[in-house]
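Below is one structure, written out as structure tokens, with a few remarks after it.
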Amino acid sequence: MTRPNLIFIVADDLGFADLGCYGGREAEFGAVSPVLDGLAASGLRFTQGYSNSPVCSPTRFALMTARWQYRLRGAAEEPINSKSKGSTTLGLPPEHPTLPSLLRASGYRTALIGKWHLGYPPAFGPLKSGYEEFFGPMSGGVDYFTHCSSNGSHDLYFGEAEKHEDGYLTDLISRRAVDYVDRMAEGAKAGSPFFLSLHYTAPHWPWETRDDEALAQEVKTNLFHLHGGNIHTYRRMIHHMDEGIGWVMDALRRHGLDRDTLVVFTSDNGGERFSDNWPLVGGKMDLTEGGIRVPWIAHWPSVIPSGTTSEQHCMTMDWSTTLLEAAGAAADPAYPLDGVSLLPVLRDPQVRFARPLHWRMNHRGQRALRDGDWKYLRVDGHDYLFNVPADERERANLAGREPDRLVALRETWEAWNATMPPIPDDATVSLGYSVKDMPQR
């Protein structure tokens, strides 16, 4: 099999049903996500796929390492915040093997265009962790026009140097991605494939479309933008991202690379305040389904049957493992992968295998285990048991009706947790808002 080019696209805080292909409503301007809907229609859509965490930087640790994020100190932050600038511990250690470093060692060209959020220079950074090229912000959230982070400092980089560039960040990221495909195309056709991490900040706050540059001055002291935004702006932000993904797909087709390029799309966690997570409950920071179940679309015309769906359970690190196997890249034996390859499912979407999935959060003492149809959940000291296919909204707690099953799942979770480092006492939870700002979901 020809080694495919790889494009791993990650949206930021996208809800489970924000895309049309996941049941999302049309906006007043029409379809919100026609390009992604098209990729799903001509590829494979997963209905039971999850993120490794309900908050951004922990998921990105798992994506980069194909291992449980809990193994690394930086991932205990929920999430890494701008106060960690200068830290030598809160980031992705450069010596740790990563998806890009393993691919690069096997002959791939590598680039990250978009959000990093895995620690600040000089101790950490994309170029220290396997990427040859980097363009994007280092922190978790930046303004789309000033490109400043929540502490007001400019945060747009090319390599390890600050890069001042006018424009709407989603479009800057998309255009850089097109440029990368254009530059890599000849090498790819000659046998040097590329790996592009395309990590958008959209549709993360602040709530700015291409037409909202005036808002940048209004929100510069509080990027959480608690007084603004609405579903109309939010959907337009998704549409801008979707349009940019279309530019990238056009570039692949223009160079004749689309059939042999594996494109994977997802979100780093569940939706935020304007997201549509139907029929799920909860969102970012929650281990209810709305915080962790996310879109997963895979498009690879030479391998994946068109117009297919899968109910295979999976999570972020499984996709990183899948890309490594598709590329024929070996893991470092000193850092065995926790992810499980989904390549058999890509080849035959009817394939299913058991895949228990575990989570834990410092925030509200949350824990969860999805095992087959069943889910064990703890929030604020309360234990719950749900049959997810029968009750995707997690409203019918079966803990009292099936106490033996609850005990068995809890013991399974605790046995798994005993294999992970404990949450450090100094790990922080950073909440941008609370019930004083808006009612609970």
Remind me, relative contact order of segment 68-193 in percent, using alpha carbon pairs under 8 angstrom and six or more residues apart? 20 percent
With a Förster distance of 60 angstrom and the Cβ-Cβ distance between Arg401 and Asp182, calculated FRET efficiency to the nearest 0.05 equals 0.55
At Asn230 and Ser302, where each label point lies 7 Å from the Cα along Cα→Cβ, what is the point-to-point distance in nanometres? 4.8 nm
Value at 222 nm in deg cm²/dmol, rounded to 500, when DSSP H runs of n ≥ 4 in the chain each add -39,500 (n - 2.57): -7500 deg cm²/dmol
How are the alpha carbon pair distances in segment 45-85 distributed across 5 Å bins from zero to the largest one, expressed in percent? 6, 25, 28, 19, 13, 5, 2, 1
Distance in nm between Asp391 and Ala427 label points, each 7 Å along Cα→Cβ, equals 2.8 nm
For the chain, just run the numbers: alpha carbon Rg, then divide by 2.2 N^0.38 Å, N being how many residues it has. 0.91
Average accessible surface area per residue within segment 3-45, 1.4 Å rolling probe, Å²: 28 Å²
Phi to ³J(HN,Hα) by Karplus 6.51 cos²θ - 1.76 cosθ + 1.60 over segment 191-205, Hz, x for Gly, Pro: x, 10, x, 10, 10, 10, 8, 10, 10, 6, 8, 6, x, 5, 4
Starting from the Cα gyration tensor of segment 191-230, take the square roots of the eigenvalues, sort them a ≥ b ≥ c, and report rounded, prolate or oblate (rounded when a/c is under 1.5, otherwise prolate if a/b is larger than b/c, else oblate). prolate
What the Cα atoms of segment 12-64 span along the principal axes, largest first and in whole Å, is 35, 24, 17
Convex hull per residue volume in Å³, alpha carbons only, for segment 242-355: 145 Å³
Segment 41-186: antiparallel DSSP beta bridges as a percent of all, rounded to 5: 65 percent
Please compute the length gained on full extension between Glu411 and Ser153, using 0.36 nm multiplied by the number of residues separating them and subtracting their Cα-Cα distance. 88.3 nm
With the 8 Å Cα cutoff and a minimum separation of six or more residues, the chain has a relative contact order in percent of 24 percent
Counting pairs of Cα atoms in segment 1-122, how many percent are more than 21 Å apart? 52 percent
Report, in debye and to the nearest 20, how large the dipole of the chain comes out about its Cα centre when Lys and Arg carry +1 and Asp and Glu carry -1 on their Cβ. 720 debye
Got the relative contact order for segment 284-441 handy, in percent, Cα pairs under 8 Å and 6 or more residues apart? 16 percent
Residues of type lysines that Lys284 reaches as a straight line, Cα spacing below 25 Å, ignoring anything fewer than 8 places off in the same chain: Lys83, Lys85, Lys115, Lys220, Lys375, Lys436
At 1.4 Å probe size, with no ligands or nucleic acids counted, give the accessible surface of Glu414 in Å², nearest ten. 80 Å²
For the ranges 334-340, 162-168, 266-272, 280-286, what's the packing order if you count other beta-carbon atoms within 10 Å of each residue, average per peptide, and put the highest first? 266-272, 280-286, 334-340, 162-168
If you count the DSSP beta bridges with both ends in the chain, what percent of them are antiparallel, to the nearest 5? 55 percent
For segment 318-441, would you read off the P(r) tail past 23 Å as a percentage of all alpha carbon pairs? 51 percent
Output ³J(HN,Hα) for segment 215-229: one whole-Hz value per residue in order, computed from phi by the Karplus curve 6.51 cos²θ - 1.76 cosθ + 1.60 with θ = phi - 60°, and x for Gly and Pro. 5, 4, 6, 6, 9, 5, 9, 7, 5, 4, 6, 5, 9, x, x
Compute the signed sum of charges (Lys and Arg +1, Asp and Glu -1) over the other residues within less than 13 Å, Cβ to Cβ, of Gly271. -3
Enumerate the amide H contacts of Trp296 below 5 Å, restricted to partners 5 or more residues apart or on another chain; note that Pro and chain-start residues carry no placed amide H. Phe46
Rounded FRET efficiency, nearest 0.05, which uses the C-beta distance separating Gln440 from Thr221 and R0 of 25 Å: 0.45
Round to a whole angstrom and tell me the spacing of the C-alpha centers of segment 205-283 and segment 386-441. 28 Å
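The values are calculated or read from the model by the stated rules, or taken from the named source; none is laboratory data. Please read these numbers as outputs of a predicted model, since none were measured by experiment. Glycine also receives a Cβ, built like all others from the backbone with ideal geometry; neighbour counts cover every protein chain displayed. Remember, those area values only see protein heavy atoms, side chains included, never the ligands or the DNA or RNA. Shrake-Rupley method; radii C 1.70, N 1.55, O 1.52, S 1.80 Å.
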